[in-house]
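Some notes on the structure that comes next.
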Amino acid sequence: MHWTKKILLVAGLASFLLGACQGQNSTAKDSDQPAPPSSEETHLVQAGQTKPDDIFVDAAWAKDQIDQDQTVKVLEAGYGDAAYKKGHLPGAQLMDTMAIETEESDWNLLADDDLVKAFLAKGVTKDTPLFVYGEDVNAASRVAFAAYYLGVEDVHIIDGGKAAWEKVGFELTEETPQVAAAEDFGGNYPGRPEVYLKTSDDLLAAQASQPDLVVASVRSWPEFIGETSGYDYIDKAGEIKGAVWAKASETAADVNYLTNEDGTIRDPQAVFADWEEWGISKDKPVTFYCGTGWRNTTAFFVAKQAGWDDISVQDGGWYEWNLNHQKDASKYPVQLGDPRGNDVEILD
């Protein structure tokens, strides 16, 4: 599939900007539209203040660890190899996201055994210190989350990726490293099953066992209210019934409310305040979802680093829920519009 897999349908965005509804009724008023992301630069990761258990880490700290520990593995995450071929961190291997998810898997992560094989091929085991980065923070988070879920003990994402690496004076290379594959993961997997709800049925089961579970959509506002599906290969717009809005994405191709213009992660406290208005808070169980499982992993790791414990990723997202809704609407109901309004439409 073309790289536009993760890109917002341009026509849908244009329709939103013009106030059109793409054939869907919307309950949102102009005053309900969220303000664009702030241009003020704030940082979750402060230079020189990285801690060993942080997920998002400073580029300089990452280089020190990579230089000092020969067991470290570095992965550049991306959909295809175009960015990798333009230059990458020394020693970095490419982890194409197609190695951990495919259309045949409904863009959910592959089966655990297949995920382990993908990481073993890169020399990554349970005890391997792992650094992941990418030109797209969501791709990096996606790959990092797969490793984290499996139980890799020491997983980090280099904040700001290659741009941050170069900004502090470190060089890139076009040389492809020769790295021996690992033979054994070194422990049972998945090591962190509690962070992952793979399918729509897994979500329904989690809701049955945890009635207070908050189902938080990190999709853009036009996606959330049903203005657009966000994807050129998803024809229907809407959300999982009962979902609330976790402000993160401006379009289906970003997490602009979570990142600065240079791609580094913002201090999330302002966004957390917005989340709380929707009932999303660190004292509740929360599962994050998006369209096909990229953006929610970034939101997950931002919240995790900020001390949120009872959180998970719902992988099926809108893509799988919509497919199931078309087969059994009563089991997988859909909401259209702003659920805070009286005229939200429920399709069941």
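Here are a few things to note about the model shown:
- Among residues of the stretch 36-60 that are under 19 Å from A163 (Cβ atoms), those with a Cβ under 8 angstrom from a residue that is of a type in the set (F, W, Y) and assigned to a loop (DSSP other than H, G, I, E, B), sequence gap 6+ or separate chain, pair up as P37/Y257; A59/F170.
- E276 acidic (D, E) and touching a residue at least 24 places away in the same chain (Cβ under 8 Å): no
- Some residue of the stretch 127-137 being of a type in the set (G, A, S), surrounded by fewer than 17 Cβ atoms within 10 Å (Cβ to Cβ) and farther than 13 Å from L150 by Cβ: no
- Note on the stretch 82-104: residues that are open to solvent by 30 Å² or more (accessible area, probe 1.4 Å) and either within 24 Å of G187 (Cβ to Cβ) or more than 19 Å from the chain's Cα centre (by Cα) (or both) amount to 7.
- Whichever residue in the stretch 171-186 is open to solvent by less than 60 Å² (accessible area, probe 1.4 Å) and under 26 Å from D127 (Cβ atoms) and, among such residues, is nearest to the chain's Cα centre (by Cα): F185
- Residue satisfying all of: in the stretch 141-161; surrounded by fewer than 23 Cβ atoms within 10 Å (Cβ to Cβ) and of a type in the set (D, E, K, R); farthest from D67 (Cα to Cα) among these: E153
- Note on the stretch 280-304: residues that are in a loop (DSSP other than H, G, I, E, B) and among the β-branched types (V, I, T) total 2.
- Pick from the stretch 231-263, criterion touching a residue at least 40 places away in the same chain (Cβ under 8 Å) and aromatic (F, W, Y), ranking: nearest to A163 (Cα to Cα): Y257
- Complete set of residues in the stretch 264-273 that are buried (at least 19 other Cβ atoms within 10 Å of the Cβ) and in contact (Cβ under 8 Å) with a residue 40 or more places away in the chain: T264, I265, R266, P268
Each row is one residue, and each column tells you yes or no for (1) over 18 Å from E194 (Cα atoms); (2) among the basic types (K, R).
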{"site": "K282", "(1), (2)": "no, yes"}
{"site": "V286", "(1), (2)": "no, no"}
{"site": "G293", "(1), (2)": "no, no"}
{"site": "A303", "(1), (2)": "no, no"}
{"site": "S312", "(1), (2)": "no, no"}
{"site": "E320", "(1), (2)": "yes, no"}
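- Failed criterion for Y189 (all others in (1) under 21 Å from I100 (Cα atoms); (2) open to solvent by less than 40 Å² (accessible area, probe 1.4 Å); (3) hydroxyl-bearing (S, T, Y) hold): (2)
- Counting the residues of the stretch 279-304 that are open to solvent by less than 10 Å² (accessible area, probe 1.4 Å), in contact (Cβ under 8 Å) with a residue 40 or more places away in the chain and small (G, A, S) gives 3.
- Of the residues making up the stretch 119-142, those that are of a type in the set (G, A, S) and closer than 29 Å to D262 by Cα are G134, A139, A140, S141.
- The set of residues from the stretch 305-322 being buried (at least 24 other Cβ atoms within 10 Å of the Cβ), assigned to a helix (DSSP H, G or I) and of a type outside the set (F, W, Y) comprises G317, E320.
The values are calculated or read from the model by the stated rules, or taken from the named source; none is laboratory data. Bear in mind that the values here come from a model prediction, so they are computed numbers and not experimental data. Heads up, the Cβs are rebuilt from the backbone with ideal geometry, glycines too, and the neighbour counts pull from every protein chain shown. To get the accessible areas, we keep the full protein, side chains included, count just its heavy atoms, and leave off ligands, DNA and RNA. Shrake-Rupley method; radii C 1.70, N 1.55, O 1.52, S 1.80 Å.
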